[in-house]
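Here's the structure, in structure tokens; my notes come after.
The values are calculated or read from the model by the stated rules, or taken from the named source; none is laboratory data. Bear in mind the structure is a predicted one, so any value in this text is a computation, not a measurement. Here Cβ is always computed from backbone atoms with ideal geometry, including for glycine, and neighbour counts include all displayed protein chains. The area values use the complete protein model at the heavy-atom level, side chains included, leaving out ligands, DNA and RNA. Shrake-Rupley method; radii C 1.70, N 1.55, O 1.52, S 1.80 Å.
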Amino acid sequence: MLRQTSVEDILASSNDRAPLSEASTIPAPWYVDSRIAELEDMTVFSKSWQVIGRAAQVETPGQFVTATLAGEPIVAVRGVDGQLRAFYNVCRHHAAKVVTEACGSASILHCPYHGWNYGLDGSLKGMPEFDGVENFERAENGLIPVKVETWEAFVFVNLDPQAKPLSRFLGGLVKRCAPLGLSKLHFFERKTYDIACNWKVFVDNYLDGGYHVPHLHKGLSSVLDYKQYTIENEDRYCLQSSPMVTSDEDAAIATTRKGDRAWYFWQYPNFMINCYEGYMDTNLVVPVDVDHCRVIFDFYFSDISDARREYNTQSIAVGDRVQDEDLGICEDVQRGLKSRAYGAGRLSVRREKGEQLFHRLLAADLKSGLPSAVAAAD
């Protein structure tokens with residue numbers, strides 16, 4: 001029987017310190033080995049700030065939004081005191097999910113299993129038929145808190161109690177996005193795509209510096225000045241940007257993708273912000289398992305009045321077409337990563353430095369977290 005390659009050996013097979021001119025992608029096993037996916041849950045998604053909803057969903061007391069992060073159910077809720085809090089959405093009695101709706105408003109958090117009630121501050125308020133139970137401290141049995149903060153239109157949480165503030169995590173992204181007025185745009189619609197590829201394949205595709213755009217997205221390519229496409233790395237984000245040009249090659253694209261410049265931000269590990277004049281969509285890439293991910297698109301516009309509904313719907317249809325083009329190639333790549341003919345590929349110096357930043361940040365997290373993951377498994 002062949003000896004199974006260890007996780008340590010898989011991680012060691014990538015030279016994340018190589019200069020871009022000598023760099024390769026992370027090796028194929030990083031995308032197809034379930035042990036790497038498990039390690040990512042522990043060292044990446046459990047320790048980074050993750051978007052779970054929109055700030056507008058939790059503006060007033062009682063409003064809540066729920067999500068699942070690294071396998072953990074989470075709820076964020078605005079308290080009667082106006083403070084936003086987040087908790088593990090797990091009842092302290094028999095572990096049922098307390099809040100079962102995706103979003104909404106409530107005066108109290110009521111567990112549907114045995115009727116335990118929690119305040120909007122997470123404190124345990126009541127337990128039916130609990131008379132006679134001794135040595136039980138209600139104050140010690142509230143919902144377990146999770147770090148939560150907002151930036152622009154987004155709600156972020158972090159499962160790591162020792163996590164640095166969100167502003168430290170976002171770094172220069174905050175200043176770079178400020179002139180774009182993201183918070184002035186209004187949410188219009190959400191679309192979700194289930195894709196048969198590892199989440200990193202989707203991120204790689206996004207970060208290839210427009211390399212695939214002339215070949216895969218001919219309509220989009222017609223309104224971008226591809227030769228002037230720029231890639232900038234800083235902290236944990238990459239900004240890809242291109243001047244816009246006029247074109248009559250694809251009427252739907254030309255009509256709905258306007259402005260002087262297109263802006264494509266990626267924030268490690270899995271959040272993207274795409275901006276044109278009067279338009280923004282965000283992409284949140286959620287791992288499902290080693291071979292599948294879910295990508296959540298939220299669409300925002302400067303005007304969401306009834307008069308603009310047809311235009312906005314047409315704009316989303318354009319995004320849907322571009323996403324369909326990406327979906328097919330990402331699933332094809334996932335299949336190719338399992339081929340005995342492939343190990344890793346070289347990176348383009350001109351186009352793929354954003355991808356290299358992603359791979360370096362990922363390698364740093366996985367390699368630093370490996371000792372604790374091994375200890376937890378022993």
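Restricting attention to region 118-133, the residues that are aliphatic (A, V, I, L, M), under 17 Å from Arg85 (Cβ atoms) and assigned to a loop (DSSP other than H, G, I, E, B) total 1. Per the listing Val51, Val65, the residue uniquely in contact with a helix residue (DSSP H, G or I) (Cβ under 8 Å, 6 or more places away or on another chain) and more than 20 Å from Ala344 (Cβ to Cβ) is Val65.
Identify the residue in region 132-149 that is open to solvent by 60 Å² or more (accessible area, probe 1.4 Å) and hydrophobic (A, V, I, L, M, F, W, C) and, among all such residues, is farthest from Ala163 (Cα to Cα). Looking at the filtered set, the residue picked out is Val133. A count restricted to region 106-131 and to residues that are open to solvent by 60 Å² or more (accessible area, probe 1.4 Å) and of a type in the set (A, V, I, L, M, F, W, C) stands at 1. From the list Lys184, Lys200, the one residue that fits, being open to solvent by 20 Å² or more (accessible area, probe 1.4 Å) and modelled with pLDDT of 80 or more, is Lys184. When we screen Ser305, Ser242 for residues that are among the polar types (S, T, N, Q) and either touching a His at 6+ places or on another chain (Cβ under 8 Å) or modelled with pLDDT of 95 or more (or both), the only hit is Ser305. Quick one: would you say Gly115 is assigned to a loop (DSSP other than H, G, I, E, B) and closer than 22 Å to Trp151 by Cβ? When the stated conditions are applied, Gly115 does not pass them. Among residues of region 53-70 being surrounded by fewer than 22 Cβ atoms within 10 Å (Cβ to Cβ) and touching a Phe, Trp or Tyr at 6+ places or on another chain (Cβ under 9 Å), the one that is farthest from Gly171 (Cα to Cα) is Gln57. In the set (1) surrounded by fewer than 12 Cβ atoms within 10 Å (Cβ to Cβ); (2) among the charged types (D, E, K, R); (3) within 30 Å of Lys184 (Cβ to Cβ), Arg85 fails one condition alone, (1).
Please go through region 289-347 and give me each residue that is farther than 16 Å from Arg190 by Cβ, in a helix (DSSP H, G or I) and without any contact (Cβ under 8 Å) to a residue 24 or more places away in the chain, ordered by number. The answer is Asp306, Ala307, Arg308, Glu310, Asp324, Gly328, Asp332, Arg335, Gly336. Val223 meets the conditions (1) over 25 Å from Val290 (Cα atoms); (2) modelled with pLDDT under 95; (3) surrounded by fewer than 20 Cβ atoms within 10 Å (Cβ to Cβ) in every case but one. The failed one is (3). If you go through region 314-361, how many residues are among the aliphatic types (A, V, I, L, M), open to solvent by less than 60 Å² (accessible area, probe 1.4 Å) and either more than 20 Å from Ala18 (Cα to Cα) or in contact with an Asp or Glu (Cβ under 7 Å, 6 or more places away or on another chain) (or both)? Qualifying residue count, region 314-361: 7.
Does region 101-110 include one or more residues that are within 27 Å of Val174 (Cα to Cα) and touching a residue at least 60 places away in the same chain (Cβ under 8 Å)?
Just the residues of region 101-110 that are within 27 Å of Val174 (Cα to Cα), to begin with: 103.
Those left that are additionally touching a residue at least 60 places away in the same chain (Cβ under 8 Å): none.
Within region 101-110 (the criterion being within 27 Å of Val174 (Cα to Cα) and touching a residue at least 60 places away in the same chain (Cβ under 8 Å)), the answer is no, since none of the residues qualifies.
Looking only at residues of region 236-293 that are basic (Lys, Arg) and more than 23 Å from Ile36 (Cβ to Cβ), we find that the one that is most open to solvent (accessible area, probe 1.4 Å) is Lys258.
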